[in-house]
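Here's the structure we're looking at; comments come further down.
Just so it is clear, none of the values below were taken in a lab; they were calculated from the coordinates. None of these values were measured; they are calculated from a predicted model. Cβ: placed from backbone, ideal geometry, glycine included. Neighbour counts: every protein chain shown.
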């Protein structure tokens, strides 16, 4: 079941027929282009995201007092995280993502702080993960299956799905059509609600924005996603779109702020730049790193050990410590290696990304 309700926020004065026609064309173009934009096909983008964790209702001191005699209580981790947030502010992660037109090659660079970084690259014939000290080589995406780093690269790209489509990609997954334009008011405001029901869960997406009749360009300013199961509590999540600027993909919001319940972190995403990327550039960016060759994104590399998961495939010894390829396929050797913590840390970061996507507002397809 799908229904659309479009209503005025305050005014009930409708726009003129010419304004409505221009608005409906912009709406249709936004819906039709939403899916292609979020795939970042043939583009590279730089952005940041940061989570701000809410303080407990009773206050940090009261929480600390309540568990002072329980050294193993999990709330101590919450306290440490909040204390760090108070001292340093939200932890910001800087991300660069590149994707080719076919989606076969891609790379994601992630940096938290000045020296904590992990990069992921995927190609049909091989994948790799890189930290300042370790290079981890993997088979191609098709051989890696569910463990493919392609999922990680796509996962980081998902952080800016809302920015690239100004929220319209969410609407397409809720059933909105190009001819479903909501009512445009004389003052340029518009609002709409889409409701669907599937598997006993009622999903409602409400949006509001404005439209400039002189330029023919509209903006989605706020999107609220609410899901109500037959049994259980409803969940409501809100995204605000801000700081609109002109880009090679048209006018886009460069900042979104996402929030759900009062007990969950608020996520802020900022788009720094977006530009085309050629297939030759992607080949250079996803080529296996080598210690004696500057990386096109990182410059000089410092890794000293290589972990090879490609079946019995020799690794060129260019000054790095070469590991036995036959041992690298063993999870036990990964756990027992002196530097395995770096590898595990990198994979933990990848898992955290995918875990976030499962929680995120934009996880629903």
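Quick notes on this structure:
- Counting 0.36 nm for each residue step from residue 66 to residue 231 and taking away their Cα separation leaves a gain of 56.1 nm.
- Cβ crowding within 10 Å, taken as a proxy for footprinting-reagent exposure, orders 240, 194 from fewest neighbours to most as 240, 194.
- The stretch 72-121: C-alpha gyration tensor shape, a/c 1.5 cut-off, then a/b vs b/c: prolate
- Between residue 273 and residue 29, the simple label model (points 7 Å from Cα in the Cβ direction) yields a spacing of 2.6 nm.
- Within the stretch 180-201, backbone nitrogen closer than 19 Å to the virtual label 7 Å beyond the Cα of residue 261 toward Cβ: 201
- For the stretch 168-285: relative contact order, % (alpha-carbon pairs under 8 angstrom, 6 or more apart): 13 percent
- Sequence ranges 199-211, 56-68, 180-192, ranked by mean other-Cβ count within 10 angstrom, highest first: 180-192, 199-211, 56-68
- Between residue 249 and residue 112, full extension at 0.36 nm per residue minus the direct alpha carbon distance yields a gain of 46.6 nm.
- For 161, 87, the sequence from fewest to most other C-beta atoms within 10 Å is 87, 161.
- Nearest-0.05 FRET efficiency for residue 91 and residue 16, computed from C-beta distance (R0 56 Å): 0.70
- Contour minus Cα-Cα distance for residue 300 and residue 198 (0.36 nm per residue): 31.5 nm
- With the simple model of a label 7 Å out from the Cα in the direction of the Cβ, residue 41 to residue 142 spans 2.0 nm.
- Tensor-based shape of the stretch 1-156 (alpha-carbon gyration tensor, a/c under 1.5 rounded, otherwise prolate or oblate): oblate
- Tensor-based shape of the stretch 90-173 (alpha-carbon gyration tensor, a/c under 1.5 rounded, otherwise prolate or oblate): oblate
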